[in-house]
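Written out below as structure tokens is the structure these notes cover.
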Amino acid sequence: MQRALFTAAQVRAQDRHAIEELGVPGFTLMTRAAHAALGVLRTRWPQARSLLLLCGPGNNGGDAFLLGALALQAGFRAHALALSATSEGDALRARKAYEEAGGACGSAGDAPDLSAFDVIVDGLFGTGLSRAPEGAAARLIEQVNASGRPLLALDLPSGLDADTGVAREPCVRAAATVTFVAHKRGLFTADAGDCCGALHLDRLELPPPGFQSPDAELLHAHGLPPRRRNSHKGANGHVLALGGDAGMGGAIRLCAEAALRAGAGLVSVATRAAHIGALNAARPELMAHAVEAQADLEPLIRQASVLAIGPGLGQDDWGRALWQSARTRELPCVIDADALNLLAAQRVELPEHAVLTPHPGEAARLLQTDTASIQADRFAAARALAERYGAVVVLKGSGSLIAAPDGHVAVCPWGNPGMAAGGMGDVLTGVIAALLAQGLSPWEAAGLGVGLHARAGDHAAAAHGERGLLASDLFLPLRELLNADPN
């Protein structure tokens, strides 16, 4: 998979560069897009013989018209529904090609029986739409979504924001999307997973854009290199996991065990005395310590190389005391859950090697805004958090983002809805802490940790389904992925 992600404006600039600098006519690009779409359609639905084409007024509609012309020439049956009575430029030329091939064209307001078509092709808007679909287009999208027929979206599903991944309702829910020239960053986060279906990229025979840098990148799948045979536990770091106030011992246990499973040489736990017996019985490899006052914590911090603070911490006096001790140290750290809420309440200077792992609600508190604003532009929110706190930030959610203070952003293409369950974030905190303990930088640890965590969730869901997936179900696939060939 190509890893570079671009904004819609950057992709439009690549189109102009191809036309004006490389001398590739716009209609040639449109023809290549139509051929690419037909190839995806044939591969995914080999038995399909009839198409309904939804054609907007611009070049996205032109792509659909040309796809229809190619399909008719190949023996398909096709019918087009157009948003406008006419088209312009290359889109007009494509429309004429469709009509000359014998294609029928009706109005978007007069949709035929949708069940008569094997596949519906969405060519309504593409990247040009910056608002919610309205009028006849909105009604048509609602009809095709409710039809139960498979949808193929051209470039991106109509109604989906190419930059943010936000679905402006109504938004096409496609079974597959074939996107052109370059990956748009909004295809991989927020609502995109519910709208795009299987994603295919076709560069339309254009070279990589050497004149601009990507806005973001996709994570790539890898593990860690094999350890030296002459190794010992001290060489793999010592994680101290702090948390587990009354009634929340499970959170810190998940975090600490994840750190073990992700390869930390030693893992200690600083928690309430009430949890010690259960921790020792369930996972004796953890060094569990009762901490009821700051003085109890000091010798544990001195022995640690990385801190993981927040799971089950709470925001009462006990949690605040642990946070106060941890935040004054220069140790690499992962800050999660209630430690993030305490940071939001009183901003402090963080250690140089810190990773913050907020979900959208915690991110909203850190930026003093609301969750809807975070989700409206997750890229902007992740970058703002990383800059404000001078730390690597993992903005969790569908299409988790990793942001560095310099503005660099990576996007996780893995994960599934079954991971929307209690304890998953605690496991991620432990994984990232373990990777820090093994010598990775905050950026490396966050990226690898997020990827391993999401891929482990996918492996666990593939085995037994998404519903009922437990955070602890990730431990076995996590270990397998970490030990897989890093290449």
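The values are calculated or read from the model by the stated rules, or taken from the named source; none is laboratory data. Not measured: the values here are computed from a predicted model. Every residue, glycine among them, receives a Cβ derived from its backbone with ideal geometry; neighbour counts consider all protein chains shown. Just so you know, the surface numbers come from the protein's heavy atoms only, side chains and all, with ligands and any DNA or RNA stripped out. Shrake-Rupley method; radii C 1.70, N 1.55, O 1.52, S 1.80 Å.
A few remarks follow.
- Relative contact order (%) - criterion: Cα under 8 Å, at least six apart; region: the range 1-155: 24
- Candidate lysines - alpha carbon under 20 Å from Lys184, same-chain residues fewer than 8 apart omitted: Lys396
- Dipole magnitude (debye, nearest 20) for the range 416-479, charges at Cβ of Lys, Arg, Asp, Glu: 60
- All C-alpha pair distances within the range 176-282, sorted into 10 Å bins from zero, spread as 11, 25, 17, 21, 20, 6, 0 percent across the bins.
- Taking only protein heavy atoms and a 1.4 Å probe, the accessible area of the range 380-487 is 50% carbon and sulfur.
- Between the listed residues Leu482, His275, Phe188, the Cα displaced farthest toward the positive end of the dipole of the chain, a dipole computed from Cβ unit charges relative to the Cα centre, is found at Leu482.
- Ranked by how many other beta carbons lie within 10 Å on average, peptides 13-24, 59-70, 360-371, 110-121 from highest: 59-70, 360-371, 110-121, 13-24
- In the context of the full set of protein chains, residues of the chain present 40 Å² of accessible surface per residue (probe radius 1.4 Å, heavy atoms only).
- Carbon + sulfur, % of accessible area of the range 34-93 - ligands and nucleic acids excluded, 1.4 Å: 50
- Solvent-accessible area, 1.4 Å probe, carbon plus sulfur percent, for the range 109-162: 41
- Basic side chains Lys and Arg get +1 at the Cβ, acidic Asp and Glu get -1 at the Cβ, and with that the dipole of the range 311-417 about its Cα centre reaches some 100 debye.
- Qualifying aspartates and glutamates (Cα of each under 13 Å from Cα of Lys233; at least 8 residues distant if same chain): Glu285
- Mean separation of Cα pairs under 8 Å and 6 or more residues apart, divided by the residue count, gives the chain a relative contact order of 13 percent.
- Lys/Arg +1, Asp/Glu -1 at C-beta; the chain dipole; positive extreme among Ile402, Leu440, Gly418: Leu440
- Leading residue at positive end of dipole, the range 196-241 (Cβ point charges), from Ser213, His232, Leu199: His232
- Working note: Debye formula, equal point scatterers on the alpha-carbon atoms of the range 416-487, no solvent; log10 I(q)/I(0) at q = 0.15, 0.16, 0.22, 0.27 Å⁻¹ is -0.46, -0.52, -0.92, -1.24.
- Taking every alpha-carbon pair under 8 Å whose residues sit at least 6 apart, the range 247-346 reaches a relative contact order of 24 percent.
- Residue-wise HN-Hα couplings along the range 88-99, as the Karplus relation 6.51 cos²θ - 1.76 cosθ + 1.60 with θ = phi - 60° gives them from phi, are 10, x, 4, 5, 5, 4, 5, 5, 5, 4, 5, 5 Hz; Gly and Pro carry x.
- Assigned charges on the beta-carbon of Lys, Arg, Asp, Glu; the chain dipole about Cα centre (debye): 840
- Couplings 3J(HN,Hα) for the range 40-47, derived from phi with the Karplus relation 6.51 cos²θ - 1.76 cosθ + 1.60 (θ = phi - 60°), are 5, 4, 5, 5, 7, 10, x, 8 Hz, where x marks Gly and Pro.
- Computed 3J(HN,Hα) for the range 116-129, one whole-Hz value per residue from the Karplus formula 6.51 cos²θ - 1.76 cosθ + 1.60 where θ = phi - 60°, is 7, 10, 6, 9, 10, 10, 8, x, 7, 10, x, 7, x, 7, glycine and proline marked x.
- Relative packing of peptides 417-423, 373-379 - highest average C-beta neighbours within 10 Å first: 373-379, 417-423
- Alpha carbon convex hull of the chain, volume per residue in cubic angstrom: 151
- Between the alpha-carbon centres of the range 44-103 and the range 115-144 there is a gap of 14 Å.
- Counting only DSSP H runs of at least 4 residues, each contributing -39500 (n - 2.57), and dividing by the residue count of the chain, the helix-based mean residue ellipticity at 222 nm comes to -12500 deg cm²/dmol.
- Highest-first packing order for the peptide set 289-301, 441-453 is 441-453, 289-301, based on the mean count of other beta carbon atoms within 10 Å.
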